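Please read the structure below before turning to the comments.
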Amino acid sequence: MKRHHLLTQPVIPFVHTARSGELLVVTIDHPPVNALSEEVRRGLMAAMDQAEADSNVKGVLLLGAGRAFIAGADIREFGRPPMQPILPVVCNRIEACRKPVIAAIHGPALGGGLEVALAAHYRLAMPGAKLGLPEVQLGLLPGSGGTQRAPRVMGVEAAVNLMLSGRHMTAQEALTSQLVDRLGEGTDVLQAGLSYARELLANGAPVRRTRDLAAFKADHAHQMDVLEKIQKDVEKKSRALFSPLKVIEAVRAGLEMSFDEALANERTLFLQCIDSPQRAGLIHAFFAEREVLKVPEVKNVAPRPLASVGVVGGGTMGAGIAVSVLDAGLPVTMIERDDEALAKGRFNVEKVYNGLMAKGRMTAHAKAQLMARFSTSTHYDALAHADLVIEAVFEEMSVKKAVFAELDRVCKPNAVLATNTSYLDIHEIAASIARPQDVIGLHFFSPANIMKLLEIVVPEKASADVVATAFSLATQLKKMPVRAGVCDGFIGNRILAVYRAAADHMMEDGCSPYEIDAAMRDFGYPMGPFQVSDLAGGDIGWATRKRRASTRAPNARYVQIADRICERGWFGQKSGRGYYLYPDGARTGVPDPEVLQIIDTERIRANIKPSALPAEHIVRKYMAAMINEGANVVHQGIALRPLDVDVTFVHGYGFPRYRGGPMKYADMYGLERVLGDIQEFAKQDPLFWQPSPLLVKLVEDGKDFASLN
Ligand code: 3HC
Ligand code: NAI
């Protein structure tokens, strides 16, 4: 909505009131998304007082200025002592108003924003409105009456599903589920709101308080059964998450208690969530995901035009990247070595869509429309008009350079030339052609059409608009971009190499891979490191280890167990066995006694007397290795800030989001403790366990990683 100017005077900053006939129009104007900060809450209280005090006012129209109704409580205030008036009080005040209050919703009405609307007596939603109670995504529950008012208007099951999924409803869905009473027409929320509110007043519509709706309590036994079923499902699916179960608890209490008792109970549960480390981790992730977009090159620099994309290589990554780009609505031209490889590349792309069709998630027509934007060639000239080309050929410098020479020859000036290399030196690739300023790394993760992370690897000579174009591509592909500097493995794989080595050390020292995997799953990972290795294919890591053998420090500890397993052709799921056995193509592995024997033999060869480690120690070592290398990566400017490391691990490596990321975890665990752990482990292997200078400095200064964000 345009910021309108039928104002009399502001009651308090961020909330304006103006008369329009018999209506008091209350506009929340707190850019960018009208979050319910302390001042906004005070403003709403004052506006309600004003409406009741003025006998000429017969009703109140509540709306948001700018692009949102209200995006929710002000997330920045969580973790600080609550300031009066708290939001539940504001919602009660709105509901208690003796004159009809009508909420007119456009854009997001989320969390506390929807709770404000639910406290109003009537609701209208404009097309394009997004309504939801996404608090669980922040480790919270709706804490301003949402757990009580939503079930009253839409029924217990629908309300609980809305809260547990955190999803956004469209205006039409909200109407169907009775969350709102009316759809607004046109694009002007003020006009639509005024017209609905006037109609209500003209018809003598009464004050209608959500708290008084009691129908949802009918069939009590059935509602309890529904909650029981949902709870079982949640316990299975959102393992270890705190707030979803609290949502159910709050709703269940609402079926048993009076409205006011249930509100008080909701508040207690909300405060438990606020105090939980999961809330801190999830809110850190929320802000980190927005901060990663803020990189120096992108400020005030326009991206280059981006209307067509070329992909070189149609293997695992090339095909996945092509699908991701096609899904974003852009045309793709794929280049391969020969017709056979090209046919395979096309097959790899189609396979993804055929899979979706088989699951009923795509129609033949939709597939045809997507494939119509896909073309292939064995001639590089087909890339002459591409705005951006992503190379995803074999991981070999000579092959990459040959491809870039071709791109340099055929691509138009100002085309962005990107490589998906995992480890190779992008400076060397850039220096091999005449336009190094156009070269950048776009490191996708497998499967590229699914995984959210995109490392944008910026070589020294890359021009700022090339970086801006890469970020703009990420937005179009709905990826989470993280800026990284050039080094072996960039942010993610470089840190991975170190904590994987720590896991290998522990395996040789006495833990089975199964124990390590279990410990890391209990920490919150969906899979342990050895399960991941089996899924990705052991051969990939093996090739990397062979390549690096010549540069490895001769006195560095090197565990050979993985090599022994690979030498037998056991590459993981695809070969039926790796660290685990996958009988008959099973997707979940079972422990393999022969692997344990190999490990035993290697321990003898390495002259190691095995001793078991408790799960707590496994986690401590694994995390210390990850955090220490994370600190190095920040120290050397490979990652701009600790939060870039966090986003990388949450979106590319399965790090539990509710822990915020490894650097946030380190802050919560305590940097002094991390350093103490490293010093303890260094007694056994001082070469491997060298404390990062950044970690040492932060501990000396009494600071944490957050101070660098
Ligand atoms: N509080 C404080 N700041 C917020 C905010 C909030 N609730 N929601 C968004 N912002 C900030 C963002 O951090 C960002 O700041 P920046 O520009 O400095 O980086 C800015 O607003 C714009 O946000 P987005 O970049 O995310 O803008 P989009 O247009 O892509 O998305 C949105 C808008 C859908 C509203 C999205 O921001 C969002 O999902 N926000 C969070 C909604 C939410 O979770 N609400 C529940 C809050 S908890 C609550 O209400 C508790 C209550 O029950 C008591
Ligand atoms: P792949 O072996 O599945 O595919 C490579 C493809 O490149 C093959 O189809 C091959 O025919 C083609 N190719 C080789 N030389 C070519 C040339 N000169 N011109 C045109 N096409 C050529 O390999 P994958 O796994 O897709 O990896 C590709 C790149 O992506 C590598 O650099 C790899 O390091 C990187 N990468 C791989 C990830 C993975 O998980 N597999 C993850 C992230 C990056």
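The values are calculated or read from the model by the stated rules, or taken from the named source; none is laboratory data. Treat the numbers as computed from the prediction; the structure is a model and nothing was measured. We place every Cβ from the backbone using ideal geometry, glycine too, and count neighbours over all the protein chains shown. Surface areas here come from the heavy atoms of the whole protein model, side chains and all, with no ligands, DNA or RNA. Shrake-Rupley method; radii C 1.70, N 1.55, O 1.52, S 1.80 Å.
The translational diffusion coefficient of the stretch 306-490, from Stokes-Einstein at 20 °C and 1.002 mPa s with a Kirkwood hydrodynamic radius over alpha carbon pairs, comes to 132 µm²/s. An oblate overall shape is assigned to the stretch 87-138, the ratio a/c of its alpha-carbon gyration tensor axes (a ≥ b ≥ c) being 1.5 or greater and a/b not exceeding b/c. Which whole-number percent of Cα pairs in the stretch 329-406 have a distance greater than 14 Å? Within the stretch 329-406, distances greater than 14 Å cover 68 percent of Cα pairs.
Each 10 Å bin from zero holds the following percent of Cα-Cα pairs in the stretch 8-272: 7, 33, 37, 18, 4, 0. Here the stretch 502-585 exposes an accessible surface that is 55 percent carbon and sulfur, computed with a 1.4 Å probe and the other protein chains kept in place. Between D225 and L183, take the C-beta separation as r, use R0 = 22 Å, and let me know the FRET efficiency to the nearest 0.05. Computed FRET efficiency for D225 and L183 comes out at 0.10. Determine the shape class of the chain: with a ≥ b ≥ c the square roots of the Cα gyration tensor eigenvalues, call it rounded for a/c under 1.5, and otherwise prolate if a/b is greater than b/c, oblate otherwise. Prolate.
The overall shape of the stretch 655-709, judged from the alpha-carbon gyration tensor, is oblate: a/c is not under 1.5, and a/b is no greater than b/c.
Relative to the dominant Cα principal axis of the chain, helix 277-291 is inclined by about 80°.
Charge tally around P85: other residues with Cβ under 10 Å, Lys/Arg +1 each, Asp/Glu -1 each, net +2. In order along the stretch 642-650, phi translates into HN-Hα couplings of x, 5, 5, 5, 4, 5, 4, 6, 5 Hz, rounded to whole numbers, per the Karplus curve 6.51 cos²θ - 1.76 cosθ + 1.60 with θ = phi - 60° and x for Gly and Pro. Projecting the Cα atoms of S398, V466, N449 onto the charge dipole of the stretch 306-490, computed from C-beta unit charges around the Cα centre, puts N449 farthest toward the positive end. Each Lys and Arg adds +1 at its Cβ and each Asp and Glu adds -1 at its Cβ; summed about the Cα centre, the chain shows a dipole of about 800 debye. How much area per residue is accessible in the stretch 493-708 when the probe is 1.4 Å and only protein heavy atoms are counted (Å²)? The answer is 44 Å² per residue. If R₀ is 35 angstrom, what is the calculated FRET efficiency for the pair A368 and A202, using the beta carbon separation as r and rounding to 0.05? That pair, A368 with A202, gives E of 0.10. With the simple model of a label 7 Å out from the Cα in the direction of the Cβ, L213 to F78 spans 2.6 nm.
Computed from label points 7 Å out along Cα-Cβ, the spacing between M527 and T316 is 1.0 nm. How many angstrom separate the Cα center of the stretch 202-273 from the Cα center of the stretch 55-103? Distance between centres, Cα-based: 21 Å. Surface composition of the stretch 8-272: carbon plus sulfur atoms contribute 54% of the solvent-accessible area (1.4 Å probe, protein chains only, all chains present). Bridging of K703 to lysines at a Cα separation below 26 Å is possible for K294, K621, K664, K683, once same-chain residues fewer than 8 apart are set aside.
Entry note, the chain: the mean residue ellipticity at 222 nm calculated from DSSP H runs of n ≥ 4, each adding -39500 (n - 2.57), is -15000 deg cm²/dmol after division by the residues and rounding to the nearest 500.
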